[in-house]
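Visitor: Can you keep this structure in mind? I'll have questions shortly.
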Amino acid sequence: MKITAIAASLLIVAGSLQAAFLPAEWQSAPLAKAAAKNEWYFFPDNAANSRVLVKATAGAKANFKLLTGGPPVWTDTFTSKISLGKQGAFVPSANGGGFLVAPQGNTMKVAIFDNLGNSTVETIDPNPGSYTGVSAELDATGGLHVGYIYNSRTICYARRNGASNWTFTSQLIPGAIFIHDTAVVPLTTSNVSLYFTQTYTGVRTLWRAKPAVAQDGRLYITWAANPLQNIENFVATNLRGSRVGAEGRVYFFGSGNTASWKLKRYTGIGSPAELETAGNVSPKSIRVAIGPDGRQRVAWYNETQKRVHYLKPVNNGPDLPVLAGYPVVTTGKATLSDLSGFHFTPDGTPCLLYRTTLATAFVATPREDLVWTGTEW
């Protein structure tokens with residue numbers, strides 16, 4: 001275990017007072033690996049205690065382990081193999097299990113875990129091809145919905161109706177040179193938003209589709225009453241979707257055709273809200289988690305400066321993150337490569353899972369009593 005002190009960091013917000021973000025220290029604990037190349041996912045149990053799933057990213061039978069006990073000390077309590085080799089998206093379920101959606105070879109599959117770490121694998125899309133940009137989320141009833149990209153130019157959607165029972169559909173996007181990422185946001189079985197970023201006529205754009213049961217009983221990505229909606233142009237490729245109660249959200253970065261990125265949130269109503277001015281950087285992964293007060297936090301990885309940004313709502317304020325500084329200093333900052341997960345323990349401690357290489361990962365746990373002065377904006 002390595003203890004890293006964090007110096008205070010100030011952010012000057014134009015048109016407002018200074019906001020001070022002052023966590024005292026973070027502790028970063030290393031995680032076990034399952035193979036030479038791995039991916040790590042938070043896998044909380046049915047009481048929301050922290051667990052981590054680590055899985056090899058190659059092989060017809062990929063090794064995986066279930067790590068428990070943390071933070072800060074993590075113990076390898078379960079080791080097995082699974083027919084799911086590549087990286088993907090993991091969605092915890094309320095019973096302490098979860099769904100790992102990822103390609104295996106040239107098909108799209110899902111591993112369904114129970115609370116003990118046992119799993120079964122189902123095929124979502126049997127059509128052979130290249131699958132990227134995987135996203136997954138549960139609706140209010142616990143139903144699993146999946147977004148993904150097929151062969152770079154086709155946007156796909158699938159939902160699980162029951163054991164080995166899937167409905168899926170796809171749509172080739174005319175004019176798209178490349179589709180980059182997806183974020184599926186389901187509120188109910190039929191009220192689903194599927195966001196995706198694509199390069200179109202030389203510009204990266206954010207779109208929303210509304211896959212649901214159309215009037216003729218067939219499932220479409222879009223149909224006459226629900227065409228594709230262009231949300232914003234000049235965006236970064238990465239997305240993060242989430243459902244908070246009855247509200248769906250997608251987080252993304254937009255530049256407005258300038259050199260400065262802004263972290264934004266869109267709920268499907270009105271215009272996207274601007275949360276943070278990030279500047280001329282390379283934003284990478286975005287992660288979200290519900291804090292002990294029931295409000296959402298956001299963390300994202302700034303690849304240019306090797307920093308994790310952490311945004312939390314102002315005390316007693318609305319569920320809207322404030323502008324953030326750089327509160328997180330992690331082990332091996334110079335080699336930090338990705339933010340892989342964000343989770344709160346039952347006592348309200350935020351946990352950030354990050355990688356430095358495909359063989360090395362850590363969980364950082366700071367204090368949550370972050371001190372703020374000044375105004376929200």
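The values are calculated or read from the model by the stated rules, or taken from the named source; none is laboratory data. Bear in mind that the values here come from a model prediction, so they are computed numbers and not experimental data. We place every Cβ from the backbone using ideal geometry, glycine too, and count neighbours over all the protein chains shown. To get the accessible areas, we keep the full protein, side chains included, count just its heavy atoms, and leave off ligands, DNA and RNA. Shrake-Rupley method; radii C 1.70, N 1.55, O 1.52, S 1.80 Å.
Visitor: When ranked by the protection proxy of mean other Cβ atoms within 10 Å per residue, highest first, what sequence do the peptides 259-269, 147-157, 73-83 form? Don't skip to the end; give the middle numbers.
Guide: On the way: 259-269: 17.2, 147-157: 23.0, 73-83: 15.1.
The most tightly packed comes first, giving 147-157, 259-269, 73-83.
Visitor: Something else: Work out, step by step, the length gained on full extension between L116 and Q229: first 0.36 nm times the residue separation, then minus their alpha carbon distance; give nm to one decimal.
Guide: 36.5 nm
Visitor: Pull up the cross-link candidates among the lysines for K264, meaning alpha carbon to alpha carbon under 27 Å and not fewer than 8 places away within one chain.
Guide: Partners found: K210, K284, K306, K312, K333.
Visitor: Right, next: Per-residue counts of other Cβ atoms within 10 Å, averaged by peptide: what ranking do you get for 198-205, 283-290, highest first?
Guide: Ranked by mean Cβ neighbours within 10 Å, highest first: 283-290, 198-205.
Visitor: Give me the percent of the accessible area of region 242-281 that comes from carbon and sulfur atoms, probe 1.4 Å, all protein chains in place.
Guide: Ligands and nucleic acids excluded, carbon and sulfur give 46 percent.
Visitor: In addition: Quick one: Cα centre-to-centre distance for region 171-231 and region 37-81, in angstrom?
Guide: 33 Å
Visitor: Return the lysines within reach of K65: Cα separation strictly under 22 angstrom, same-chain partners fewer than 8 residues apart disregarded; answer none if there are no such residues.
Guide: In chain and number order, the partners are K33, K37, K55, K81, K86, K109.
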